[in-house]
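*Asks:* Just dropping this structure here.
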Amino acid sequence: MINLKIKITEDAFEFLKDKRAKEITIDYITSKQCCGSGLPSSETYIGIPRRSDRDYFIFLNNGIKINIDKSLKFKDDLCIIDLVKLLFTKSLVSNFLDYDKLI
């Protein structure tokens, strides 16, 4: 994970700039709901880590501090942070999780 490359898309970077975000976090989560797939995934959000029981790698990219849960594995050591726009909401996502290594 030390060799992880982080790419923030232009849309995501503009969103972070508009929000004046200085720090984002990518957390490891597993859906345990009846309708969830049960596959591990990630949650990407603006701010410091919400879970004190987890360990994080810390990266700097374009002046933004990025906390990445140490449990996450990315294909080709590449994490792409992108912006998803749905109706009137915008949210950040991290792409390219390596499910073979997470399961």
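*Asks:* If we keep just the residues of the stretch 69-99 that are among the β-branched types (Val, Ile, Thr) and surrounded by 14 or more Cβ atoms within 10 Å (Cβ to Cβ), which is nearest to Asp27 (Cα to Cα)? Write out each step before concluding.
*Replies:* Within the stretch 69-99, the subset among the β-branched types (Val, Ile, Thr) is 80-81, 84, 89, 93.
Narrowing further to those that are surrounded by 14 or more Cβ atoms within 10 Å (Cβ to Cβ): 80-81, 93.
Numbers: Ile80: 14, Ile81: 13, Val93: 11 Å.
Checked the stretch 69-99; the qualifying residue nearest to Asp27 (Cα to Cα) is Val93.
*Asks:* Something else now. What tally of residues in the stretch 69-84 results from selecting those that are of a type outside the set (Asp, Glu) and free of Cβ contacts under 8 Å to residues at least 24 places away in the same chain?
*Replies:* Taking the stretch 69-84 as the starting set, the residues that turn out to be of a type outside the set (Asp, Glu) are 70-75, 78-81, 83-84.
Checking which are free of Cβ contacts under 8 Å to residues at least 24 places away in the same chain leaves us with 75, 84.
Here the count works out to 2.
*Asks:* Please state which of the following conditions Ile64 fails to meet, knowing it meets all the rest: (1) more than 17 Å from Ser91 (Cα to Cα); (2) modelled with pLDDT of 95 or more.
*Replies:* (1)
*Asks:* Within the stretch 52-68, can one find any residue that is touching a residue at least 60 places away in the same chain (Cβ under 8 Å), out of contact with any Pro (no Cβ under 6 Å at 6 or more places or on another chain), surrounded by 13 or more Cβ atoms within 10 Å (Cβ to Cβ) and closer than 22 Å to Glu10 by Cβ? I'd like the intermediate steps shown before the answer.
*Replies:* Within the stretch 52-68, the subset touching a residue at least 60 places away in the same chain (Cβ under 8 Å) is 66, 68.
With the extra rule that they be out of contact with any Pro (no Cβ under 6 Å at 6 or more places or on another chain), the set shrinks to 66, 68.
Right, trim to surrounded by 13 or more Cβ atoms within 10 Å (Cβ to Cβ) and you get 66, 68.
Narrowing further to those that are closer than 22 Å to Glu10 by Cβ: 66, 68.
Among the residues of the stretch 52-68, at least one is touching a residue at least 60 places away in the same chain (Cβ under 8 Å), out of contact with any Pro (no Cβ under 6 Å at 6 or more places or on another chain), surrounded by 13 or more Cβ atoms within 10 Å (Cβ to Cβ) and closer than 22 Å to Glu10 by Cβ, which makes the answer yes.
The values are calculated or read from the model by the stated rules, or taken from the named source; none is laboratory data. Since the model is a prediction, treat every value here as computed from it, not as a measurement. With ideal geometry, Cβ positions are generated from the backbone for all residues, glycine too; neighbour counts draw on all protein chains shown.
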